[in-house]
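Accompanying notes for the structure given below.
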Amino acid sequence: MHELSVCQSLVDQVEQIALTHGAKSVELVKLRIGPLSGVEPLLLQHAYPFASAGTLAAESTLVIELVPIKVSCEACGTETEAEPGWLVCGACGSCHTTLVSGDEMMLMSVELIAAERTNHV
Amino acid sequence: MCDTCGCNITPGNREFAYKPVNGATAVAVLKSLLARNDDQAIHNRQHFDKHRLLAINLMSSPGSGKTALLEATIDALRDEYRIGVIEGDLETENDAKRIRAKGVPAYQITTGSACHLDAHMVHDALHQFPLAGLDILFIENVGNLVCPASFDLGQHRNVILLSVTEGDDKPAKYPVMFRAADLVLFTKSDLLPLLDDFSPARAEANLRNLASTVPVMQLAARKALGLQPWLEWLRSELAQQHARVDQGETTRSGIQAGVMRLHEAFR
C-alpha cells in the first residue's frame, strides 16, 4: 500500500509544475505505468482524489496508460512481449534478456488551465 | 537527459508529451513519479561514497532472518571491518537493540504505519548516525516483499533473503522485488531436510525466469552454516566500491540499473 505515498509525490510534482507555469488549475495528468513498476494502477487511481484534494490538481483527471512488458533477447536478438513472472525470451527461451519496457512509473504530461489574467503560459 | 529543457522528448514519446485539449495547455514532463525520492537517493549515495563505504539494502518478508544474518555477519567480520546498521520497522527498537548488543552502532527508524523505507527517512537517519570510519552500512528494510522494491535509498546493492520456510515460488509471486536483487540468499537452509516443499533448484529457476543472472547462496545464519560465500561476496563488493570511489564512479542497485537501461532505450 505505498500507492498513496507515490500519489502524494505525484501531486507535489504536478502542483509544482502548475505553479511554475502560473496556472490556475490542472485539467489532466497523464501517466505511463508498467506491470513491473511495483505500482498498482487501480490503487493509484483510487488514491488520487485523496492525494489531490485541496491542491491545484483537485479537479483534475488522472489518465493512466498501461505499458506492456517487452524484453530484448541478448542471445537471439528478438524483441518479445513477456509476463511479470516470466521475463525469458519468447522466441528462444533464453533468460539473458534486457527489459525494454514494462517498469515505467512515469509522469508523461500535465494539462494546465491558464490563470485568467494571463493570455499565455 | 536533463528533464528541464525538453531534450527528453524523442520521436518515440512525443505523442504522449503534447496533446492539448479544450483550452488547456499541455506540458511535457517525462519524469519518474518517484523523482523526489530518487533525487534524495542520489544525495544519500554521495554521502556514502564520500565516506568510501558500501551501502547494502536488505529486503525480505518479515521473519526471514535479516537481523540474524546481520548478527552472524558482525560476529564473523568484527576484526576486519567497521559495520553500521540502520534498521527499519513499523514499531519497536528490538532489532537495533540486538545489533547494539553486538557492539555495533545501530539506528532504528520506526516508520509508524509506512510499509517501506524511503530515501528521505534514510537521509534523516544519516544526520543522527555518524558514517565516518564505517566500511559497510547495512540498511535493514521493513519486512515486506512488495513496497520496498520501488524506493531507491541510495544503496549500492540490494540483497534479498528468501527463507526456505516461505515457499520456492516467491520469486514468481513477487517479480518486482526479486528483479531488484543483486544477490539472493536462501536462509534457514538447516531446515531444508524437514521441508518437503522447498526445492532450492526450483526457487532458483523461478528467479532465472525473471531474467535475473545474480548469484544465489544458501546459508543458515543462526547455525553459522554456509556463511563463507556471503562474506566473500561482501569483501569483493567492498573492494569494488573502493575501486569505484577512487575512479570517481558510483553504482546503483539492480532495479535502478534496469531503469537506466530503459531510459537509454527511450533515446
* Structure fact -> Magnitude of the Cβ-charge dipole (Lys and Arg +1, Asp and Glu -1) of the protein assembly as shown about the Cα centre, nearest 20 debye, reported as 460 debye
* Which of A:Lys70/B:Lys31; B:Lys50/B:Lys173; B:Lys31/B:Lys97; B:Lys31/B:Lys173 have a Cα-Cα distance over 32 Å? -> B:Lys50/B:Lys173; B:Lys31/B:Lys97
* Asked: Long-range amide H contacts for A:Leu112: which residues qualify at under 5 Å (H placed 1.01 Å from N, peptide plane, sequence gap of 5 or more or a different chain)?
  -> A:Glu27, B:Thr25, B:Ala26, B:Val27
* Asked: Add -39500 (n - 2.57) for each DSSP H run of 4 or more in the protein assembly as shown, then divide by its residues: what number comes out at 222 nm, to the nearest 500 deg cm²/dmol?
  -> -10000 deg cm²/dmol
* Structure fact -> In short, segment B:116-152 residues buried by 10 Å² or more of accessible area relative to the isolated chain (1.4 Å probe) are B:His116, B:Val146, B:Cys147, B:Ser150, B:Phe151
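Taking the Cα centre of chain B as origin, work out the dipole magnitude from +1 charges on Lys and Arg Cβ and -1 charges on Asp and Glu Cβ, in debye rounded to 20.
With Lys and Arg at +1 and Asp and Glu at -1, about 400 debye.
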* Report, in whole Å, the centroid distance computed from the Cα atoms of segment B:134-168 and segment A:87-118. => 25 Å
* To do: Sort the following peptides by mean Cβ neighbour count (other Cβ atoms within 10 Å, averaged over residues), highest first: B:230-240, B:59-69.
  => B:59-69, B:230-240
* Structure fact -> Summed over the other residues with a beta carbon less than 13 angstrom from that of B:Asp190, with K and R at +1 and D and E at -1, the charge totals +3
* Mind giving me the nanometre distance, one decimal, between the label points for B:Ala201 and B:Thr92, set 7 Å out from Cα along Cα→Cβ? => 3.9 nm
* Could you state how much accessible area is buried at the B-A interface, both sides summed, with a 1.4 Å probe, in Å² to the nearest 100? => 3600 Å²
* Can you give the % of DSSP beta bridges in segment B:37-261 that are antiparallel, to the nearest 5? -> 5 percent
* At 7 Å along the Cα-to-beta-carbon direction for both A:Glu81 and A:Leu19, put a label point, then send me their distance in nm to one decimal. => 4.2 nm
* Structure fact -> D (µm²/s, integer) via Stokes-Einstein for the protein assembly as shown, Kirkwood Rh across alpha-carbon pairs, 4 °C, 1.567 mPa s: value 58 µm²/s
* Quote the FRET efficiency, to the nearest 0.05, computed for B:Leu225 versus B:His120 with a Förster distance R0 of 41 Å and r equal to the Cβ-Cβ distance. => 0.60
* Asked: Hey, what's the Kirkwood Rh for segment B:51-204 if you take every pair of different alpha carbons, in angstrom?
  -> 15.9 Å
* Asked: Any idea what angle helix A:3-20 forms with the longest principal axis of chain A, computed on alpha-carbon atoms, 0 to 90 degrees, nearest 10?
  -> 50 degrees
* To do: On each of the three principal axes of the Cα atoms of chain A, give max minus min coordinate, whole Å, ordered largest first.
  => 60, 33, 16
* **Inter-chain shielding of B:35-42 (mean C-beta neighbours from other protein chains, 10 Å cut-off)** => 2
* Asked: Hey, rough spin-label estimate for B:Thr251 and A:Leu43, points 7 angstrom out along Cα→Cβ, what's it come to in nanometres?
  -> 3.1 nm
* Among B:Thr110, B:Pro200, B:Thr73, which residue has its Cα positioned farthest towards the positive end of the charge dipole of the protein assembly as shown, with +1 placed on the Cβ of Lys and Arg, -1 on the Cβ of Asp and Glu, and the dipole taken about the Cα centre? -> B:Thr73
* Asked: Placing +1 at every Lys and Arg Cβ and -1 at every Asp and Glu Cβ, with all other atoms neutral, what dipole size does segment A:3-114 have around its Cα centre, in debye to the nearest 20?
  -> 140 debye
* Structure fact -> The percentage of the accessible area of chain B (probe 1.4 Å, all protein chains present) made up of carbon and sulfur atoms, to the nearest whole number, is 51 percent
* Once the Cβ-Cβ distance between B:His43 and B:Thr111 is put in as r, and R0 is 22 Å, what FRET efficiency do you end up with, to the nearest 0.05? -> 0.65
* In terms of the ratio Rg/(2.2 N^0.38 Å) built on C-alpha atoms, what value belongs to segment B:115-267? -> 1.11
* To do: Whole number in Å², please: accessible area per residue of the protein assembly as shown, 1.4 Å probe, ligands, DNA and RNA not counted.
  => 43 Å²
* Report B:Ile109's accessible area, 1.4 Å probe, all protein chains in place, as a number in Å² to the nearest 10. => 20 Å²
* Please arrange A:Tyr48, B:Tyr107 by accessible surface area, largest first, computed with a 1.4 Å probe and ligands excluded. => B:Tyr107, A:Tyr48
* Structure fact -> Cys in chain A lacking any partner Cβ under 4.7 Å -> A:Cys7, A:Cys95
* **32 Å tail of the calculated P(r), chain B, as % of Cα pairs** => 26 percent
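The values are calculated or read from the model by the stated rules, or taken from the named source; none is laboratory data. Everything quoted here is computed from the prediction, not taken from an experiment. In this analysis, Cβ positions are derived from the backbone assuming ideal geometry, glycine residues included, and neighbour counts consider all displayed protein chains. Calculation scope for accessible area: heavy atoms of the full protein, side chains included, ligands and nucleic acids excluded. Shrake-Rupley method; radii C 1.70, N 1.55, O 1.52, S 1.80 Å.
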